[in-house]
Amino acid sequence: MGSTPAVADAAAQPRAPGTVLRVTGLSKTFPGTKALDDVTLEVAEGEIHALVGQNGSGKSTLIKVLAGYHHADPGAQAWLNGEPFDVADTADSRHHRLRFVHQDLGLFLELGATDNLALRGEFLLDPLHRIRWRAQAALARELLGQFDLDLDLRRPLAEATPVQRTVVAIAAALVGWEGGPGVLVLDEPTAVLPPHDVTRLLEIVERVRSRGTSILYVSHRLDEVFRLADRVTVLRGGRVVQTRPVAGLTTQTLAELMVGSEVDAGYRAGLTVAPDLPVVLRARDVRGRFLAGVDVDLAEGEVLGVAGLPGSGRNELPYALVGALPGATGRISVDGSEWQPVRKSASFDIPLVPADRAGEAAISEFSVQENLTLSVLRRFRRFGLLSRRSEQHLAGEWARTIEIKAASQDDLITTLSGGNQQKVMMARCLARDPRVLVLCEPTAGVDVGTRQAIYEFIASRARAGLSLMVSSSDTGDLLALCTRVLVMCNGKVTREIAGDEITEHALVHAMEEMEQQ
Amino acid sequence: MTANTPTDRQLQSAAGDQPSGSGPEGAAAGWRSNLADSLSPRNIGAVYVLIVICIVFSIWAPQTFPRPATIKQVLDSNAITALAALALIVPLSARVFDLSFAYVMSLSGVTAAHFVAANNWNVLLAMLAGIVVALIIGVVNGVVVVVMRIDSFIGTLATGSLVQAFISFVTNDNSINSIKLNGSFSTLSQGTILGIAYPVFYALIVATALWLLMEHTATGRRLYATGFNPNAARLADIRVNKLRFCSLLTSAGLAGFAGVMLASSLASGSPSAGTSYLLPAFAAVFVGATVFKHGRFNAWGTIVAVLMLGTGVVGLGLVSAPLWAIDMFTGVVLIAALSANSFERRNLLRGGQGRFRWHPARWRTTGPGA
């Protein structure tokens, strides 16, 4: 494409003398989707360059291509300090001047900081090839010393605080780096940090930059972008919307750039809930991992959204309500039943479509049909055995209702596209004829075309009286479907937005605002 | 509410697009490709290996190998191995190891032999006693693996060791031998129908029952789901822990039965008779998982694997091969069978987005809490 004015501007600029990393024409196609489309990125020497975008905008794909995990489509070019390097090939390590701290940090939590640093760099050996532990510890102290870290280097990192681990990961990424030009990529380093630790980490990032290292800072927290970054590149739908200095931007304008017009032109179910419909699900004072007392009321035919940043409790609330969050407490009542503790909520038969399809939903060794009918097998019992015919019949019916595109029901589920797999998972849950359905990230890894079909299907179920809860990090899902949205922060519902007030700006604003407090 | 209309229209068009395969040509082609798939070496590789083994030994030992007596010998000498291997299908399908089964076999054999020899019990009652004792060990296994959440590999290794200690304590490591064991107790396994020993028929009955359970009941499907993706199974309303507990009971009960048959065929209660079945049974059940049903432990595949390995062993005996040749044969066949299968899986998964999780060729154990 390259027709977006901002990209044209960037290309027209004379190449700044201090450019450290330059990537042009970078595209990445996965089967069925184009995750990156002609991306251009330039990181200047000594700058903190923020990379922002919504879920599915291509941020993580871009990082993975740079890191050598994915190979780019042919035609991409990349230079680091003026030397070209190949992004169309996968490699263990692209370049020793391009270092990464991935979101999961890549540390060995069973080992201490000394070991972790040594594993990234090298072990100091004596002539008999024994490890010189004393020198090794001194080296680790030296590497970490610049960050004022109060940490016992021998204790396993599992005992360290999240911010300490992040700092160790940064130090590990920089092992053997004697300063000078190069790029350190930080992928959502603050995603799981509590607010006061974020400030601490940002100081450390500043300190790394002050040694002349450029930083590519990937985040969805806009306030951090403003506190830290010199320039920002906004990705949307796999394309670069704009690269520009942060100065002169406001949270509002940046959020608008991230969201753009695509979502506003997107699908709206336009569901309305009559005020007098009965409440189907009530939950009170739900507590547990990341949850600090949440109340939920869900009416018949309502689609209730749950928004919030990672760590806000948005991911955990659905699991707590269906009784799948270990250690959760609170009361729940469905259809006017007696109050029950949430850990016994499995008896209410509330199905949940998880966000992690490969890990928690799809059984990749099973066929489409076996995946679909897994929760309702007792219906096919004839004389104690499964009736193949009625199983096939039910699976076929759902495949038609929810439009699953598969060559055969007996094909492995993994032969389907992400969107069709997601439809199978939804059909598995809906086959149970539930009163309430909980969806986590319903369109994660789903291509744009199927996304709309899923929205329409969910909306048609809601019109038929099904109550839904949709927890999503993708505001597009919430905008498309929800009649009411709970915005969560620090384990509590901090704001409730309903009806026409659910706009992208309102959602982004509510999440960011709470974060800053 | 305008969105209703496109939904309906799309529904209809999708119903029309649905590949139905109901046309006569489609059905015939589908049938033919199904047949080709099910006869392909990828699906029934072990059957082809069995045929090759038969051909090789028929050429190598034309006087002794291609005879009915060989068939009888293969069947009779492998029926108890088959029973032992079949016992492992249920727990392995739910991704639970039961290493204690071999010791349970010894225990139930000793128990049954003891009650017949010392207490003059009726043979069936003694067999029942052996199985009940085995089931008690099954409960202990369930408590260790499911309730105490100890990795099943380690947990059942530990209980197996305890069982062996108990047997040695009670028997002083002496076999139970008595003239009484030569009567109806030994007929349990040494009787024949049409010249074939009873245990062959027991193995066929157990295999049929397990085939029905794993292929044709909801429980079987749930067991596989539990083994392949326990998190998904849990969220799909499957009671993972209950299934794992019951799977350990099943393996203990079947191992108990196999142990009684073993004691009966030896006409003695040997305190270490079961141990030699540990590795052959696991070998057979893992090779069996590559046959008929890709990556799923299944009864008929296990039977084919037992026959394949057993025929090779019998053939090697007939050509008077040295003892080491038998172990070498087993090792080579195991690696060949499992590697061919794992290559194929990798190719298959390269196309899909699925992650490699659980397959017999790439074993990783996890406790029920993992």
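Worth a mention:
- Taking the centroid of alpha carbons for each part, region A:150-219 and region B:96-148 are 58 Å apart.
- Averaged over B:237-245, number of beta-carbon atoms from partner chains that fall within 10 Å: 2
- Peptide A:374-381, shielding by other chains (average Cβ, 10 Å cutoff): 5
- With contacts taken as Cα pairs under 8 Å at a separation of at least 6 residues, chain A carries a relative contact order of 15 percent.
- Proximal aspartates and glutamates to residue A:405, defined as alpha-carbon separation beneath 20 angstrom and excluding residues fewer than eight positions away on the same chain: A:365, A:370, A:391, A:397, A:447, A:456, B:8, B:17
- Ordering B:182, B:197, B:65 by the projection of their Cα atoms onto the charge dipole of region B:45-342, which places +1 on the Cβ of Lys and Arg and -1 on the Cβ of Asp and Glu, puts B:197 at the extreme positive end.
- Reach of residue A:492 by Cα under 28 Å, taken over lysines that are not fewer than 8 positions away in the same chain: A:344
- Packing, as the average of other Cβ atoms within 10 Å across residues, places the peptides A:199-206, A:451-458, A:144-151 in the order A:451-458, A:199-206, A:144-151, highest first.
- Helix A:418-430 axis versus longest C-alpha principal axis of chain A: approximately 40°, rounded to the nearest ten.
- Between 0 and 90°, nearest 10: helix A:504-516 axis offset from chain A longest Cα axis: 60
- Against chain A, whose longest principal axis comes from its Cα atoms, helix A:251-264 is set at around 50 degrees.
- Mean partner shielding of peptide B:212-223, defined as the number of other chain Cβ atoms within 10 Å of each residue Cβ, is 4.
- Taken one residue at a time, the phi angles of region B:238-249 give Karplus couplings (6.51, -1.76, 1.60, θ = phi - 60°) of 9, 8, 4, 5, 4, 4, 5, 4, 5, 5, 6, 5 Hz. Gly and Pro are set to x.
- The distance linking region A:447-513 with region A:339-361 is 19 Å (Cα centroid to Cα centroid, whole angstrom).
- Highest to lowest packing among B:306-314, B:281-289, A:126-134, scored as the average C-beta count within 10 Å: B:281-289, B:306-314, A:126-134
- Our helix-only sum for chain A, with -39,500 (n - 2.57) per DSSP H run of n ≥ 4 divided by its residues, gives a mean residue ellipticity at 222 nm of -9500 deg cm²/dmol.
Bear in mind these aren't lab numbers, they're just calculated from the coordinates by the rules spelled out. Keep in mind that this is a model prediction, so the values were computed, not measured. Quick reminder, even Gly has a Cβ in these numbers, built from the backbone with ideal geometry, and neighbours come from all protein chains shown.
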